[in-house]
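Taking it in order: structure first as structure tokens, then the write-up.
The values are calculated or read from the model by the stated rules, or taken from the named source; none is laboratory data. Just so you know, these numbers come straight off a predicted model, no measurement behind them. Virtual Cβ from ideal backbone geometry, glycine too; neighbours counted across all protein chains shown.
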Amino acid sequence: MTTPPLPAPAAPVSAMVRLGYVRRQLARAYPGLPTELLGYADGGQPVVVVAEGSAGFFDGTQPYPPAPTWREWRGRRVPFFFDAPLGEPLLTERGGQVFVAADVVAAAFYLLSGWQEYFSDERDQHGRFPYAASVQQQYGFAALPVVNYYFDVLKTALEQATGQQYAPRRWGPQRAEFAAFISHDVDNLRSAWKAPAKAALGRGQLLRFGRLLWRHLTQPDAWDNLEAVAAQVAQYGGRSTFFILPEHRRAPNGTPNADYQFTPQFRHRLRRLQEQGCELGLHGSLGTSIDNWALIGELRRLYLPGSGLRFHYLHWEPYRTPTMVEWTEVIYDSTLGFAEHYGFRHSYCLPFYPFDFATGSEASFLEIPLNVMDATLHHPRYLQLAPSEILPALAPIFAEIRRFGGVASVLWHNENFDPTNERNGPREFHALMRHLQDLGAAFRTGREIYSEFVAPPGSSR
Ligand SMILES: [Zn+2]
């Protein structure tokens, strides 16, 4: 993969821009929080004063800040970028003001904006920013939503200053402590027979090969299972969000897109799923994350005005994709997770509006970050967890999300509902769903999460 040319931001990222962006995301995490009382010492007379600690970092184009210091906050060791050099106490009250010693506004902006991805020229063979090049990997905090801890610091400071308490967001009519977003990228509907048939052919078992081929030609494929997938998610009171890939031709480099064609019959079937309450979104084919017209073309083919989006192979080019998605009618994206590791790619467990470096402001679409992808858990190039290791690995992630009223976003491909998959298959999926149910998650489609987040229930909007 060729390295992209390093872009400079089109708009300057001043302290005011960073503060404004962080305030807006913070206000959405804690409804009613008076974030306007928060600022730097030189900006009016803030009640909560954050120490400016970024020392010109955002005037440059370095992808990585100086190493963080580690502080204990709410029982966790949390990395603080742009911290005070002398290890002063994090919060100090003086003359009616609360002082925050670490520049958590700069640190939150750094992580939420994806600054490292924008200014790094590291890309993997699929053109993606690699987990191996991230600060999350370098300092080992992929499983910790660090920005939520920064926001908790700011919320605590505002509570001290105002004497009022502010609660995290709640989800659904039952006011659940967190939401779970269960989605399925539909890459394959017709290829379950291929691996066993190839193996039979390789072993010279021609009779078995013939039987598999005959079954393939006369019966539905085991991966042609969207209705069964929807029924399995419905057992938990959830409704599936399917991301549909309307391109079956391979990418120019040979990487496959869909193994099925987007026919009128298939469209009819999808409509039936929609009528049952399932949601459909676009699974943008390879190349659509960097090609505006290709993306618009696929949205038109699918004809889902105001839909959600996830790019195939989780492809995302930070200095092109956000601006492009803004030009479409897409209301939310759910691409941003590391393919190689579960957890928090932007160190945040709530939906947020991505920062657009081209305009120097927040993008118009919502990001619902991806936390867990089935392929991450067992794949030759990702992790190789044993089935018994999956839930113990993921349980701490879900506990963090619940702590901050976030969204647990889980991608389980329909092909991994095949009962012959005993590594990251239906059994592992159901264990995970039972766990989420036991924790009290509100199961929500992407669109429901979008609607609640933009206008919470009970609000007048
Ligand atoms: Zn895909």
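Filtering the stretch 197-227 down to residues that are crowded, with 17+ Cβ neighbours inside 10 Å and within 26 Å of Leu432 (Cβ to Cβ), which residue is nearest to the chain's Cα centre (by Cα)?
Once the filter is applied, the top-ranked residue is Leu226.
Within the stretch 223-244, can one find any residue that is polar (S, T, N, Q), within 16 Å of the ligand (Cβ to nearest atom), closer than 21 Å to Arg271 by Cα and touching a Gly at 6+ places or on another chain (Cβ under 6 Å)?
Within the stretch 223-244, one or more residues are polar (S, T, N, Q), within 16 Å of the ligand (Cβ to nearest atom), closer than 21 Å to Arg271 by Cα and touching a Gly at 6+ places or on another chain (Cβ under 6 Å).
Mind telling me which of the residues Thr218, Thr255 ends up being hydroxyl-bearing (Ser, Thr, Tyr) and either touching a Ser or Thr at 6+ places or on another chain (Cβ under 9 Å) or in contact (Cβ under 8 Å) with a residue 12 or more places away in the chain (or both)?
Being hydroxyl-bearing (Ser, Thr, Tyr) and either touching a Ser or Thr at 6+ places or on another chain (Cβ under 9 Å) or in contact (Cβ under 8 Å) with a residue 12 or more places away in the chain (or both) holds for just one of Thr218, Thr255, which is Thr255.
Please work out if Phe429 is in contact with a helix residue (DSSP H, G or I) (Cβ under 9 Å, 6 or more places away or on another chain), within 22 Å of Tyr166 (Cβ to Cβ) and among the aromatic types (Phe, Trp, Tyr).
Judged against the criteria, Phe429 is not a match.
Identify all residues within the stretch 175-188 that are more than 10 Å from the ligand (Cβ to nearest atom), more than 17 Å from Ala231 (Cα to Cα) and in contact (Cβ under 8 Å) with a residue 40 or more places away in the chain; write none if there are none.
Ala176, Glu177, Phe178, Ala179
Asp124 versus (1) modelled with pLDDT of 95 or more; (2) more than 17 Å from Arg74 (Cβ to Cβ): which is the lone unmet condition?
If we test Asp124 against (1) modelled with pLDDT of 95 or more; (2) more than 17 Å from Arg74 (Cβ to Cβ), just (1) comes out false.
Please verify whether the stretch 197-205 includes one or more residues that are away from the ligand (no atom under 16 Å from the Cβ), part of a helix (DSSP H, G or I), among the basic types (Lys, Arg) and not assigned by TED's automatic domain parsing to the domain that holds Gly277.
Narrowing the stretch 197-205 to residues away from the ligand (no atom under 16 Å from the Cβ): 197-205.
After this cut, where a residue has to be part of a helix (DSSP H, G or I) as well, the list is 197-202.
Retained after the next criterion (residues that are among the basic types (Lys, Arg)): 198.
Narrowing further to those that are not assigned by TED's automatic domain parsing to the domain that holds Gly277: 198.
For the stretch 197-205, residues away from the ligand (no atom under 16 Å from the Cβ), part of a helix (DSSP H, G or I), among the basic types (Lys, Arg) and not assigned by TED's automatic domain parsing to the domain that holds Gly277: present.
Could you grab the pairs with beta carbons closer than 6 Å, sequence gap of 6+ or different chains, first residue in the stretch 361-384 and within 28 Å of Gln25 (Cα to Cα), second one of a type in the set (D, E, K, R)?
Ala363/Glu326; Ala363/Asp356; Ser364/Glu326; Phe365/Asp333; Glu367/Asp333
Go over the candidates Arg271, Arg320, Arg310 one by one and state the one that is more than 25 Å from Phe352 (Cα to Cα) and either away from the ligand (no atom under 16 Å from the Cβ) or under 19 Å from the mean Cα position of the chain (by Cα) (or both).
Arg271
Return the total of residues in the stretch 24-50 being under 23 Å from Tyr450 (Cα atoms) and surrounded by fewer than 18 Cβ atoms within 10 Å (Cβ to Cβ).
Step one: filter the stretch 24-50 for residues under 23 Å from Tyr450 (Cα atoms), giving 24-35.
Okay, now just the ones that are also surrounded by fewer than 18 Cβ atoms within 10 Å (Cβ to Cβ), so 24, 27, 31-32, 34.
So the answer is 5.
Tell me, which helices (runs of 4 or more DSSP H) lie completely within the stretch 54-162 with 3 or more residues that are surrounded by 17 or more Cβ atoms within 10 Å (Cβ to Cβ)?
Counting at least 3 such residues, we get 104-112, 115-119, 146-162.
Looking for whichever is part of a helix (DSSP H, G or I), on the phi < 0 side of the Ramachandran plot and surrounded by fewer than 16 Cβ atoms within 10 Å (Cβ to Cβ) here; the options are Gln261, Gln265. Which one fits?
Values: Gln261 fails: part of a helix (DSSP H, G or I).
So the residue among Gln261, Gln265 that is part of a helix (DSSP H, G or I), on the phi < 0 side of the Ramachandran plot and surrounded by fewer than 16 Cβ atoms within 10 Å (Cβ to Cβ) is Gln265.
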